[in-house]
Amino acid sequence: MRVWDVAAGYLNRQSLLGEHRELHGLRSILVYGKTGYSRHPETLRWVGFRSGLAQRHEALVAEMELRGYIHRSPVSELRPRPRWPTVYITAPWGQIALLKSKYVRKERGRIPLPRNAQELRAHHKYSVMARDPETYRSIGRRISRMRNGTETAALAEDLVAVLRQTPHRNRVVDVLEHMWGHVSDAATADERRDARRDAAGLLEATRRVALRVKEPYLTTSTALSELAVFVTRRQSDAGA
């Protein structure tokens, strides 16, 4: 049993669907007291953190839907500021290493597994900017001073923590407009109309065009899926 902490975009199809299935099994143990795997370390670290588990579920769903899967098993416990475990079974940079070993001569994820701190930063750019642009700039300064792999491992852990934060709506919209700028010239009239409608339309149009034209900077961005968690949630809240 494993719930990964790294961005869902790094997972291949088998790992993505497998984590979704195991997350539901873990949640059943936490909610209904089922005994299977109740003492497993992965289960124990999520005790008291069902809101964080629910948000991880939403991140998986966003990535699944980006890849064309239809999702029909929602969970509750979503909170504006979810609580997350403070421990890992395997630290995030170690999880990247595990995925590299699992994917030898196998299908890879949507986002290539990063080889260094620079690639980590590039993959997470828009996700971090949606939380705090200064954090993104400080990461660039931090990388320029790095000398060893230990510092890369620390950065990977910090990026997981950043993506667990709930971004402010205005920053999300700013980032989506920046992302749209990469692909707007290739958009159809219908896609441009959708992009003008609201934040959800802007994200959907950006995703559609980016995948169609295989825009390299966006198709390897964590934001292409994970920001949907916050855009769709706010659209739903607005209509409630």
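Taking segment 31-42 as the search range and keeping residues that are within 23 Å of residue 91 (Cβ to Cβ) and touching a helix residue (DSSP H, G or I) at 6+ places or on another chain (Cβ under 9 Å), which one is modelled with the highest pLDDT?
Checked segment 31-42; the qualifying residue modelled with the highest pLDDT is 42.
Scanning for something out of contact with any Cys (no Cβ under 6 Å at 6 or more places or on another chain), under 17 Å from residue 155 (Cα atoms) and not assigned by TED's automatic domain parsing to the domain that holds residue 153, does segment 67-87 turn up at least one residue?
yes
Out of (1) without any contact (Cβ under 8 Å) to a residue 12 or more places away in the chain; (2) of a type in the set (A, V, I, L, M); (3) under 23 Å from residue 159 (Cβ atoms), what's the single condition that is false for residue 44?
(3)
Spot the failing condition for residue 104; the list is (1) surrounded by fewer than 13 Cβ atoms within 10 Å (Cβ to Cβ); (2) farther than 22 Å from residue 219 by Cα; (3) at pLDDT 95 or above, and only one is missed.
(2)
Kindly evaluate residue 94 against the criterion of being within 24 Å of residue 210 (Cα to Cα), surrounded by 13 or more Cβ atoms within 10 Å (Cβ to Cβ) and modelled with pLDDT of 95 or more.
So residue 94 does not fit the description; no.
List the helices (runs of 4 or more DSSP H) that sit entirely inside segment 58-151 and contain at least 3 residues that are without any contact (Cβ under 8 Å) to a residue 60 or more places away in the chain and over 19 Å from the mean Cα position of the chain (by Cα).
133-144
Looking at residue 54 and the list (1) part of a helix (DSSP H, G or I); (2) touching an Asp or Glu at 6+ places or on another chain (Cβ under 7 Å); (3) within 16 Å of residue 2 (Cβ to Cβ), which single condition is not satisfied?
Failing condition for residue 54: (3).
Which members of segment 185-210 meet the condition of being assigned to a helix (DSSP H, G or I), free of Cβ contacts under 8 Å to residues at least 24 places away in the same chain and not charged (D, E, K, R)?
Hits for segment 185-210 are 189, 195, 201.
The values are calculated or read from the model by the stated rules, or taken from the named source; none is laboratory data. Quick caveat: nothing in here was measured; it's all calculated off a predicted structure. All Cβ positions, glycine included, derive from the backbone under ideal geometry; neighbour counts span all protein chains shown.
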